[in-house]
Amino acid sequence: MLLSVENLKVKYGNIQALHGISFHVNEGEIVTLIGANGAGKTTSLYSVTRLPPPEAPRVVEGDIKFRGESILKTQASSVVKDLKLALVPEGRHIFGNLTVMENLILATYARDKDIDFSAEYKRIFDLFPRLEERKNQRSESLSGGSSRCWLLVGH
């Protein structure tokens, strides 16, 4: 199992935000969190990616395992750099003055510089063919549907 979230209970200050969510993601699988506004979808993903304070939700019970190892004590920077696990938040938190391709290149910043990312860009464009058509377009001109929330899990 690639990612496992077990009975996760999370608080923001004294407010309980998650009351025991569990889900699993296997290698090559796509899992979707669906729910109403305020149901805890974003909080769940912030918890998985170990968002640093002051925005961070505080895990009070449960566990998050990546490749079988708990990541509850892992720093957010290590989650991205070492585990290759990242969150691209909803709301167009992209660099609007950069092109789609420049944003993708920027997303590889913390990764090993000796890697040829062309295969990964091809995979992204295979998943999102409209992005390939717009790879030279400034990101600020994309529609909301072209810049939604993705949880990207590296290899």
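Assorted remarks:
- If you go through region 59-68 and pick out every residue that is exposed (fewer than 14 other Cβ atoms within 10 Å of the Cβ) and more than 15 Å from residue 24 (Cβ to Cβ), you end up with 2.
- Extreme residue, nearest to the chain's Cα centre (by Cα), among residues of region 10-32 that are within 23 Å of residue 68 (Cβ to Cβ) and surrounded by 16 or more Cβ atoms within 10 Å (Cβ to Cβ): 25
Only the coordinates and a few stated rules stand behind these numbers; no lab work does. Since we're looking at a predicted model, the values are computed, not measured. Using ideal geometry, Cβ is built from the backbone for each residue, glycine included, and neighbour counts are taken over all protein chains shown.
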